[in-house]
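Comments concern the structure below.
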Amino acid sequence: MRDGETIEVAANVGSAADAVAAVELGAEGVGLLRTEFLFLDRDEAPSEKEQVAVYDEIAAALEGRPVIVRTLDAGADKPLRFLPQAPEDNPFLGVRGIRLGLAHPELLRTQLRAIATVAGRHPIKVMFPMVATLDEYRRARAMFDADVEVGVMLEVPAMALQADAFAREVDFFSVGTNDLTQYTMAAERGNEALAGLLAGLQAPVLRLIAAAVEAARAHGRWVGVCGELAGEPEAAVVLAGLGVRELSMAAGRIPEVKEALRAVTAADARRAAERALGR
Ligand code: PEP
Ligand code: MG
């Protein structure tokens, strides 16, 4: 920012090609590697070996920049052909994200072994999607055996409301504003009739993020944002003002967001955040 404060600007990637493009567009790392692309539209799960090869290729494309790998976030809008699920009335409130991984531990364990292998040769971090309770986090964490940072996606309001308890145990929070907004506003993501509830800076969502930042600070942890909000220049400034340290977005958004952050001081950003919180 104009006064020298730094915010890490990273990319969301969902393939090796995305990773190459991200570096070209100025990404300082990958804040969200969506691993679903390896699992969707196929008749069986990818082997550990295949996963190691793909994660290796992506990390290599980043040439030493950090990569946060998110474990499989399937279910709801992303059903798995090789793992049919019982029909659900409200799939977004159903067995998805970490819930699916914990219901099929062999799937999660295999992925975590692959990630641990690649973490031995590249700067990798790992995070779990859709965590609502500490028990879920602990069960998933216990399956991972590597000395790297382990975080959680903040997507469920229940986590923000117990951010202090989480901050004692996780290394970082990465806010998935797409889902966090959906669950806070009770408005299905992508439903255009509800755009007014989903778009832009929603004060209640920002307050949940502020709670996570406060808890993280108290325990020496850090907070990133990897939902689409991070890629909107005005919102990026507000998030920086809330104390978010890393913003991860579709690579095409990076130049514009960097420009917006460079135009303000940390104090400007904090004022914008106070206004957006509506306090
Ligand atoms: C989010 O929910 O904001 C997020 C980044 O995860 P996804 O969009 O993959 O659900
Ligand atoms: Mg999500």
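Here is how the numbers come out for the structure above:
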quantity: Within region 131-142, tally of residues that are in a loop (DSSP other than H, G, I, E, B) and either more than 16 Å from PHE172 (Cβ to Cβ) or without any contact (Cβ under 8 Å) to a residue 24 or more places away in the chain (or both); calculated: 3
quantity: Long-range neighbours under 6 Å by Cβ, at least six apart or interchain, first residue more than 11 Å from VAL131 (Cα to Cα) within region 166-181, second among the basic types (Lys, Arg) and more than 8 Å from ligand 1 (Cβ to nearest atom); calculated: ALA167/ARG221; PHE172/ARG221
quantity: Of residues in region 167-178 being under 23 Å from ASP77 (Cβ atoms) and not in a helix (DSSP H, G or I), the one farthest from ligand 1 (Cβ to nearest atom); calculated: PHE173
quantity: Any hit, region 229-242, residues being part of a strand (DSSP E or B), within 16 Å of ligand 2 (Cβ to nearest atom) and either more than 21 Å from ALA132 (Cα to Cα) or under 13 Å from the mean Cα position of the chain (by Cα) (or both); calculated: no
quantity: Residue match in region 97-117 (condition: within 17 Å of VAL67 (Cα to Cα), of a type in the set (D, E, K, R), touching a helix residue (DSSP H, G or I) at 6+ places or on another chain (Cβ under 9 Å) and not in a helix (DSSP H, G or I)); calculated: no
quantity: Subset of region 197-213 (residues that are surrounded by fewer than 16 Cβ atoms within 10 Å (Cβ to Cβ) and either within 15 Å of ligand 2 (Cβ to nearest atom) or at pLDDT 95 or above (or both)); calculated: LEU197, ALA203, PRO204
quantity: Wholly enclosed strands (runs of 3 or more DSSP E) of region 1-78 bearing at least 2 residues of a type in the set (Gly, Ala, Ser); calculated: 8-13
quantity: Some residue of region 135-151 being surrounded by fewer than 21 Cβ atoms within 10 Å (Cβ to Cβ), of a type in the set (Val, Ile, Thr), at pLDDT 95 or above and within 17 Å of the chain's Cα centre (by Cα); calculated: yes
quantity: Of all residues making up region 179-196, the number that are within 13 Å of ligand 2 (Cβ to nearest atom), part of a helix (DSSP H, G or I) and of a type in the set (D, E, K, R); calculated: 1
quantity: Verdict on ALA27 being touching a Ser or Thr at 6+ places or on another chain (Cβ under 9 Å) and either surrounded by fewer than 23 Cβ atoms within 10 Å (Cβ to Cβ) or within 18 Å of LYS125 (Cβ to Cβ) (or both); calculated: yes
quantity: From the options VAL223, VAL213, residue that is closer than 25 Å to THR71 by Cα, within 16 Å of ligand 1 (Cβ to nearest atom) and either among the β-branched types (Val, Ile, Thr) or in a helix (DSSP H, G or I) (or both); calculated: VAL223
quantity: Every residue from region 119-166 that is more than 17 Å from ARG99 (Cα to Cα) and within 16 Å of ligand 1 (Cβ to nearest atom); calculated: LYS125, ALA160
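Conditions tested, residue by residue: (1) away from ligand 2 (no atom under 16 Å from the Cβ); (2) buried (at least 18 other Cβ atoms within 10 Å of the Cβ); (3) among the basic types (Lys, Arg); (4) closer than 22 Å to TYR137 by Cβ.
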residue: SER47; (1), (2), (3), (4): yes, no, no, no
residue: VAL54; (1), (2), (3), (4): yes, yes, no, no
residue: ALA59; (1), (2), (3), (4): yes, yes, no, no
residue: THR71; (1), (2), (3), (4): no, yes, no, yes
residue: PRO84; (1), (2), (3), (4): yes, no, no, no
residue: GLU88; (1), (2), (3), (4): yes, no, no, no
residue: PRO91; (1), (2), (3), (4): no, no, no, no
residue: ARG99; (1), (2), (3), (4): no, no, yes, yes
residue: GLU106; (1), (2), (3), (4): yes, no, no, yes
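The values are calculated or read from the model by the stated rules, or taken from the named source; none is laboratory data. Please read these numbers as outputs of a predicted model, since none were measured by experiment. Every residue, glycine among them, receives a Cβ derived from its backbone with ideal geometry; neighbour counts consider all protein chains shown.
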